[in-house]
Amino acid sequence: MAKKFKDYYDQEAAHLLASKIKAIYSSFDEDQFVTYISERLDDKGFLERQDLFVEALELTLTRDYRENIRIFQEILGPELETTGGVCFERAGGCGP
């Protein structure tokens with residue numbers, strides 16, 4: 001059976017995001033972020049899982065909005081100039 005969309009917001013995703021934030025923001029508490037999410041995931045649907053990630057970010061990021069935006073801009077990297085690297089659903093699968 002295919003992975004449910006909600007299951008992409010899991011403990012693995014929390015670890016991945018935490019490590020990316022920590023690489024840019026050294027004071028980031030990875031353990032608190034991942035633990036907060038992991039302890040609350042089990043019975044949550046898609047939107048509730050998204051909310052958990054938001055709550056964990058609010059708990060562990062700085063209180064400085066501009067600094068938080070800077071952190072995420074660094075994680076995301078430069079803006080795509082074309083859609084060539086984006087995956088589109090087509091009858092034949094994903095492609096440019």
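The values are calculated or read from the model by the stated rules, or taken from the named source; none is laboratory data. From a predicted model like this one, the values you see are computed outputs, not experimental measurements. Cβ: placed from backbone, ideal geometry, glycine included. Neighbour counts: every protein chain shown.
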Take the residues of the stretch 1-38 that are loosely packed, with under 12 Cβ neighbours inside 10 Å and assigned to a loop (DSSP other than H, G, I, E, B): which is farthest from the chain's Cα centre (by Cα)? Met1
Filter pass, Thr60 being surrounded by 13 or more Cβ atoms within 10 Å (Cβ to Cβ), at pLDDT 95 or above, over 11 Å from the mean Cα position of the chain (by Cα) and within 26 Å of Gly77 (Cβ to Cβ): yes
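Assess whether Leu41 counts as being part of a loop (DSSP other than H, G, I, E, B), of a type in the set (A, V, I, L, M) and over 13 Å from the mean Cα position of the chain (by Cα). So that I can check it myself, show each step before the final result.
Values: part of a loop (DSSP other than H, G, I, E, B): yes; of a type in the set (A, V, I, L, M): yes; over 13 Å from the mean Cα position of the chain (by Cα): yes.
So Leu41 fits the description; yes.
Can you tell me how many residues in the stretch 44-53 are surrounded by 15 or more Cβ atoms within 10 Å (Cβ to Cβ) and assigned to a loop (DSSP other than H, G, I, E, B)? First the steps, then the outcome.
Here is the first cut: in the stretch 44-53, the ones surrounded by 15 or more Cβ atoms within 10 Å (Cβ to Cβ) are 44, 49, 52-53.
With assigned to a loop (DSSP other than H, G, I, E, B) added as a condition, the list becomes 44.
Result for the stretch 44-53: 1.
Residues are listed down the side, and each one gets a yes or a no for (1) closer than 24 Å to Arg63 by Cβ; (2) of a type in the set (Ser, Thr, Tyr):
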position: Phe5; (1), (2): no, no
position: Tyr9; (1), (2): no, yes
position: Ala18; (1), (2): yes, no
position: Ile24; (1), (2): yes, no
position: Ser27; (1), (2): yes, yes
position: Gln32; (1), (2): yes, no
position: Tyr36; (1), (2): yes, yes
position: Leu41; (1), (2): no, no
position: Phe53; (1), (2): yes, no
